[in-house]
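*Asks:* One structure is given below, represented as structure tokens, and several questions about it will come after.
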Amino acid sequence: MERIEQEKLVVKQMIEIYCAKHHVHNGKVLCDDCRKLLDYAHHRLDHCPKGNSKSSCRKCEIHCYSPANRENIRAVMRYVGPRMLFIHPLSAIRHLLSELK
């Protein structure tokens, strides 16, 4: 799996976990706000100027998220990050290893 596809999978898993714990779903997998955040994150990854040679977004010198969306994704990552190893261990380990590069 390419780097961008791995990043998309991890961000999707993280947003799904966050949304399940913080928002009302009304039978949907994601609430409307989390669906918009996921679509935005996937769009930004699809148009990343560094492509598959990118580092993690945290280390990147190009801040391509808008300030509001950057705060939203930080809230998601702050909540889900410590839990990710227990919920999606393979994704968490892959992500942690990619952070070392």
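*Asks:* Using the Karplus curve 6.51 cos²θ - 1.76 cosθ + 1.60 with θ = phi - 60°, what ³J(HN,Hα) values do you get for each residue of region 76-92, in whole Hz, with x for Gly and Pro?
*Replies:* Going residue by residue, I get 4, 5, 4, 6, 7, x, x, 8, 4, 4, 8, 9, 10, x, 5, 4, 5 Hz, with x marking Gly and Pro.
*Asks:* Helix 3-22: angle to the longest alpha-carbon principal axis of the chain, degrees 0 to 90, nearest 10?
*Replies:* 20 degrees
*Asks:* Right, next: Using a 1.4 Å probe on the protein heavy atoms, what percent of the accessible area of the chain belongs to carbon and sulfur?
*Replies:* That share works out to 57 percent.
*Asks:* Stick to the Cα atoms of region 1-82, pair each with every other, and give me the Kirkwood hydrodynamic radius in Å at one decimal.
*Replies:* The Cα-based Kirkwood calculation yields 13.2 Å.
*Asks:* Given the rule -39500 (n - 2.57) for each run of at least 4 DSSP H residues, summed and divided by the residues of the chain, what is its mean residue ellipticity at 222 nm, to the nearest 500 deg cm²/dmol?
*Replies:* Theoretical 222 nm ellipticity from helices: -22000 deg cm²/dmol.
*Asks:* Just the number please: accessible area per residue for the chain, 1.4 Å probe, all protein chains included, in Å². Walk me through the numbers before you get to the answer.
*Replies:* Working: 6620 Å² over 101 residues.
About 66 Å² of surface per residue is accessible.
*Asks:* Relative to the longest principal Cα axis of the chain, at what angle does helix 32-46 sit, 0 to 90 degrees, rounded to 10?
*Replies:* 10 degrees
*Asks:* Hey, can you rank 7-13, 85-91, 46-52 by average C-beta count inside 10 Å, highest first?
*Replies:* Answer by packing, highest mean first, reads 7-13, 85-91, 46-52.
*Asks:* Looking at region 21-101, how many pairs of lysines come closer than 18 Å at the Cα, when each pair is eight or more places apart or spans two chains?
*Replies:* Details: LYS21/LYS36; LYS28/LYS36; LYS50/LYS59; LYS50/LYS101; LYS54/LYS101; LYS59/LYS101.
Taking the Cα cut-off of 18 Å, the pair count is 6.
The values are calculated or read from the model by the stated rules, or taken from the named source; none is laboratory data. The model shown is predicted, which means the values in this text are computed figures rather than measured ones. Note: ideal-geometry Cβ built from the backbone for every residue, glycine included; neighbour counts use all protein chains shown. Just the protein is used for accessible areas: all its heavy atoms, side chains included, with ligands, DNA and RNA removed. Shrake-Rupley method; radii C 1.70, N 1.55, O 1.52, S 1.80 Å.
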